[in-house]
Amino acid sequence: MAFTLEENGISFAGTHITIDIWDADHLDDEPVVEEALRRAAKDCGATLLDFFLHKFRPQGITAVAVLGESHISIHAWPEIRYAALDVFTCGSCNPYDAIPALQDAFAPGRIQIVEQKRGICCN
């Protein structure tokens, strides 16, 4: 498969990290959320194709940056200062390079990152 990456003898389509943040700021601030996802996409070397953000009433935001290399998304619960984010990239993009932009924007007190290799295939 031409789109696969290889690491430690394992071929896969891309790296998907999920990021949970707690005690975070600005989770209900549309411009901050949009800028954070746009900067995260740029910092990890991705091509931003489109951006969508929905503001819930009375609070909450969900947003996705659609990338040529997959996506970055957030679903935020500002009332409990928690957000679930994910960064899925393929090709030469490094999803971990998106994390500083997200930390700068939301200043979480706690962060948990889980990685999954997507599309692992047999050779």
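The numbers here are math on the coordinates, done by the rules we state, and not lab data. Owing to the predicted nature of the structure, the values given are computational and were not obtained by experimental measurement. Positions of Cβ are generated from backbone atoms using ideal geometry, with glycine treated the same way; all protein chains shown enter the neighbour counts.
Among H54, H75, which is surrounded by fewer than 21 Cβ atoms within 10 Å (Cβ to Cβ) and under 16 Å from T18 (Cα atoms)? I'd like the intermediate steps shown before the answer.
Working: H54 fails: under 16 Å from T18 (Cα atoms).
Going through H54, H75 in turn, just one is surrounded by fewer than 21 Cβ atoms within 10 Å (Cβ to Cβ) and under 16 Å from T18 (Cα atoms): H75.
Collect the residues in the range 53-111 that are under 30 Å from E6 (Cβ atoms), part of a strand (DSSP E or B) and either in contact with a Lys or Arg (Cβ under 8 Å, 6 or more places away or on another chain) or not β-branched (V, I, T) (or both), keeping them in residue-number order.
Passing the criteria: A65, L67, S70, H71, S73, A84, L85, D86, F88.
Do you know which residues across the range 9-33 are exposed (fewer than 15 other Cβ atoms within 10 Å of the Cβ) and on the phi > 0 side of the Ramachandran plot?
Within the range 9-33, G9, D23 qualify.
Quick one: count up the residues across the range 1-38 that are without any contact (Cβ under 8 Å) to a residue 12 or more places away in the chain and either among the small types (G, A, S) or part of a helix (DSSP H, G or I) (or both).
Residues in the range 1-38 being without any contact (Cβ under 8 Å) to a residue 12 or more places away in the chain and either among the small types (G, A, S) or part of a helix (DSSP H, G or I) (or both): 3 in total.
Search the range 39-51 for residues being assigned to a loop (DSSP other than H, G, I, E, B) and in contact with a Gly (Cβ under 9 Å, 6 or more places away or on another chain), and hand back the single one that is surrounded by the fewest Cβ atoms within 10 Å (Cβ to Cβ).
T47
Out of all the residues in the range 1-33, which are small (G, A, S) and over 20 Å from F106 (Cβ atoms)?
A2, G9, S11, A13, G14
With (1) crowded, with 17+ Cβ neighbours inside 10 Å; (2) under 14 Å from H75 (Cβ atoms); (3) in contact with a strand residue (DSSP E or B) (Cβ under 6 Å, 6 or more places away or on another chain) as the list, and A36 as the residue in question, which single condition is left unmet?
Unmet for A36, out of (1) crowded, with 17+ Cβ neighbours inside 10 Å; (2) under 14 Å from H75 (Cβ atoms); (3) in contact with a strand residue (DSSP E or B) (Cβ under 6 Å, 6 or more places away or on another chain): (3).
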